[in-house]
Amino acid sequence: MEAGRKPSESLLGDQREALLNTCIDEFYLQPERPSLAALELEVGRRFTERGLAVPNYRTIVRRAKAVDARTMVRRRDGAKRAREKFGPVCVSSLAPQRALEVVQIDHTPVDVIVVDRENRQPIGRPWLTLAVDVKTRMIAGFHVSLSLLQRSHVVEVASNSLDPRGTAQPRPLEPGLAIPTPATSRLSDRQ
């Protein structure tokens, strides 16, 4: 048999424990986000009004920190913030059954500054356009350009993914040109 009190055992008594929990619930868990020092002052005020011994600051801090993190965020920051922070991670609904069934295209500036060969003056940052197969996570095609995003970049990536060796004859791009791709789904983050 072990001697002494258990670590989870409270020495405050039922009345003082209930009052401390009420202070935490009604005062500390508010959108105004009062500090622990302010909670200590409020606990001292309420305990003194009722003629009860005020708990130690460390006890107050321990009880405040024992509140469930999700409850704390929901009460102080709102339910939406609690869902964002503690809710399930959104999993992509894209579940292709075979390679190249769904291809995503993304554009990003490259962390390189291209300079003029003769004068070493900066020309700009190139843009990288990638086509990524969702099933295999492999790069299906790419295009690098110094100009900002244009539709022709997407066409270049699509043709690059269809003909990676570049054996097809280049042809001028026409407005509304549709390039057949093996991908059966197209998704866009642009309207």
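The values are calculated or read from the model by the stated rules, or taken from the named source; none is laboratory data. The model shown is predicted, which means the values in this text are computed figures rather than measured ones. Because the Cβ atoms are built from the backbone with ideal geometry, glycine has one as well, and the counts that use them run over all protein chains shown.
Among the listed residues P126, P34, which satisfies the condition of being within 33 Å of the chain's Cα centre (by Cα), surrounded by 11 or more Cβ atoms within 10 Å (Cβ to Cβ) and assigned by TED's automatic domain parsing to the domain that holds N160?
P126
Please specify each residue of segment 126-136 satisfying the condition of being over 10 Å from Q104 (Cα atoms) and either among the basic types (K, R) or not in a loop (DSSP other than H, G, I, E, B) (or both).
Across segment 126-136, the qualifying residues are W127, L128, T129, K135.
What pairs come up if the first residue lies in segment 115-139 and is without any contact (Cβ under 8 Å) to a residue 60 or more places away in the chain, the second is basic (K, R), and their beta carbons are under 7 Å apart, counting only those six or more places apart or on different chains?
K135/R98
Being aliphatic (A, V, I, L, M) and closer than 30 Å to N21 by Cβ: is that true of V134 here?
When the stated conditions are applied, V134 does not pass them.
Restricting segment 76-114 to residues that are outside any loop (DSSP other than H, G, I, E, B), of a type outside the set (S, T, N, Q) and in contact with a Phe, Trp or Tyr (Cβ under 9 Å, 6 or more places away or on another chain), which is surrounded by the fewest Cβ atoms within 10 Å (Cβ to Cβ)?
P109
Name the residues in segment 1-31 that are in contact (Cβ under 8 Å) with a residue 12 or more places away in the chain, more than 27 Å from R81 (Cα to Cα) and either exposed (fewer than 12 other Cβ atoms within 10 Å of the Cβ) or among the hydrophobic types (A, V, I, L, M, F, W, C) (or both), would you?
Those that are in contact (Cβ under 8 Å) with a residue 12 or more places away in the chain, more than 27 Å from R81 (Cα to Cα) and either exposed (fewer than 12 other Cβ atoms within 10 Å of the Cβ) or among the hydrophobic types (A, V, I, L, M, F, W, C) (or both): L12, Q15, L19.
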